[in-house]
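Q: Encoded as structure tokens, here's the structure I'll be asking about.
The values are calculated or read from the model by the stated rules, or taken from the named source; none is laboratory data. Small disclaimer: the values here were computed from a predicted structure and weren't measured. Every residue, glycine as well, gets a Cβ built from its backbone with ideal geometry; the counts of neighbours run over all protein chains shown. Only protein heavy atoms, including side chains, enter the accessible area calculation; ligands, DNA and RNA are left aside. Shrake-Rupley method; radii C 1.70, N 1.55, O 1.52, S 1.80 Å.
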Amino acid sequence: MSRKSIVVVLSEAERVRLEQWVRAGSTPQQVVLPARIILAAAQGQTNQQIARELRVQRRTAALWRRRVREQGVGCVWEIAPGRGRKAQYRTESVARIVTATLQTKPAGATHWSSRTLALAQGVSKNTIQRIWHEHQLKPHLTKSFKLSRDPKFLEKLTDVVGVYLTPPQNAVVLCVDEKSQIQALDRTQPGLPLKPGRCGTFTHDYERHGTTTLFAALQVVEGRVIGECYPRHRHQEFLKFLQRLDVEFPGTVTLHLILDNYGTHGHERVRRWLAKHPRFVLHFIPTSSSWLNLIERWFAELSQKAVRRGVFRSVQELEQAIQHFLNAWNTKPTPFVWTASVEKILEKVARCRRRLEQVQPGCTQSKRSAK
């Protein structure tokens, strides 16, 4: 590289962004330093002046001049591979720490933290964190699950997945379910808006102004959603929603409904209505297998994007927000594509069952067998 310094020219937006990163208390120091170097270079300072003021080597200032010229200001967040001193661990020490993480618990707690395990093992917390990262151990995280014990699990799984992967000809496939007890929550204070360097906020406490239940049907092929809110969650409301679907899809086209085993879906009045409307074909998912119903994926979208952060002073405001989200979604619907085969699902279930049997023998037996 020539001894002449590379000229650094920043746009106003880039300069503001770098200054925000420098000011933000959450910005790592390994990002703050190159940001200061780039800002100083953009002000016309030489490499020697930058090195003297920021106490770095002159070649470091020249390096960041070249990087920002080639990659833009975002390069300050990129960490080059192979940087830093390589950690040296004895194999026995690593094995001991991994075994302690997987097979032991601290006194009075459910899992280890990096500090408590570091104290117990006589190493630094950074050592624990590096070993956990290398072995993909995350004691602080958990995921909820439940293995279905439905005696007809395979039969129902094959039926539903078959409908997803090979939709019936000249028919409409609908994933139907209810999202009950959606709360109209009004926060006790207004939240702070989103700004650079800070996420939006809302208070932890709230005032509850009632609940509503959303009955929804996802059209699998198009991704369109038909939904309606009701104050209660009974077979009467489910019948009204079935009648709504009957109107939404006029004619004699067959409607294949994928739904769960909730009691309202098998009520006597519902069965009599379905007998009079044979174009409705029901496919029930196994118990404890809501993940098999694609409408649950859409419910997650609704919760994250319209309900969880919302402020509602009445149930009417909540239902209006749900309806607005429905309308916006149906303006440009996005279908959810099912890709897992029955074989892949059964392999995963078998692995889970084997592991659960090791933890507690007999816990995976079907309800019928357990009795």
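Q: Would you mind counting up the charge near Gly223? Only other residues with Cβ under 14 Å from its Cβ, with Lys and Arg at +1 and Asp and Glu at -1.
A: Its environment carries a net charge of +1.
Q: In addition: I need the trypsin sites (Lys or Arg not before Pro) found in region 65-124, filtered to DSSP loop residues with at most 13 other beta carbons within 10 Å of theirs. Can you show the working numbers first?
A: Values: sites: Arg65, Arg66, Arg67, Arg69, Arg83, Arg85, Lys86, Arg90, Arg96, Arg115; in loops: Arg83, Arg85, Lys86, Arg90.
Hits after loop and neighbour filter: Arg83, Arg85, Lys86, Arg90.
Q: If you roll a 1.4 Å probe over the heavy atoms of the protein chains, what accessible area per residue do you get for the chain, in Å²?
A: On a per-residue basis, 64 Å².
Q: For region 291-310 and region 258-278, what is the separation of their Cα centres, given in Å?
A: So the two Cα centres are separated by 25 Å.
Q: More than 16 angstrom separation, counting every C-alpha pair in region 262-365; what % is that?
A: Percentage above 16 Å: 75.
Q: Also, I was wondering about something else. Give me the three principal axis extents of the chain from the C-alpha atoms, as integers in angstrom, largest value leading.
A: Answer, in whole Å and largest first: 88, 54, 46 Å.
Q: Of the listed pairs Lys146/Lys276; Lys179/Lys332; Lys152/Lys179; Lys276/Lys344; Lys146/Lys305, which have alpha-carbon separations greater than 28 Å here?
A: Numbers: Lys146/Lys276 36 Å; Lys179/Lys332 22 Å; Lys152/Lys179 25 Å; Lys276/Lys344 38 Å; Lys146/Lys305 26 Å.
Long pairs (Cα-Cα over 28 Å): Lys146/Lys276; Lys276/Lys344.
Q: Report, as a whole number in µm² per second, the diffusion coefficient that Stokes-Einstein gives for region 1-55 at 10 °C and 1.306 mPa s using the Kirkwood radius over alpha carbon pairs.
A: Working: Rh = 11.9 Å.
For the chosen part, D equals 133 µm²/s.
Q: In the chain, what percent of the accessible surface is made up of carbon and sulfur (1.4 Å probe, ligands and nucleic acids excluded)?
A: 51
Q: Quick one: plug the Kirkwood hydrodynamic radius of region 1-139 (C-alpha pairs) into Stokes-Einstein at 4 °C, 1.567 mPa s, and report D in µm²/s.
A: This corresponds to a translational diffusion coefficient of 72 µm²/s.
Q: Let me ask something else. Using only helices, what value at 222 nm comes out for the chain when you add -39,500 (n - 2.57) per DSSP H run of length 4 or more and divide by the total residues, to the nearest 500 deg cm²/dmol?
A: Numbers: 14 runs with 162 residues, N = 371.
Rounded to the nearest 500, it is -13500 deg cm²/dmol.
Q: A further question on this structure: If I take all pairs of Cα atoms in region 158-269, what percentage of them are more than 21 Å from each other? Before the final figure, lay out the partial values.
A: Numbers: 3310 of 6216 pairs.
Of the Cα pairs, 53 percent sit more than 21 Å apart.
Q: On average, how much area does the Cα convex hull of region 322-371 cover when viewed from any direction, in nm²?
A: Taking a quarter of the hull surface, the average projection is 6.7 nm².
Q: What are the radius of gyration and Dmax of region 48-130, computed over its Cα atoms and given in Å?
A: Reported Rg and Dmax, both Å: 20.4, 57.
Q: Using only the C-alpha atoms of region 181-230, find the volume of their convex hull and express it per residue in Å³.
A: Once divided by residue count, the hull of region 181-230 is 130 Å³.
Q: Which one, Gln129, Gln48, Gln316, has the greatest fluctuation when you compute a Gaussian network model over the chain with C-alpha springs under 10 angstrom?
A: Most flexible of the set in this elastic network: Gln129.
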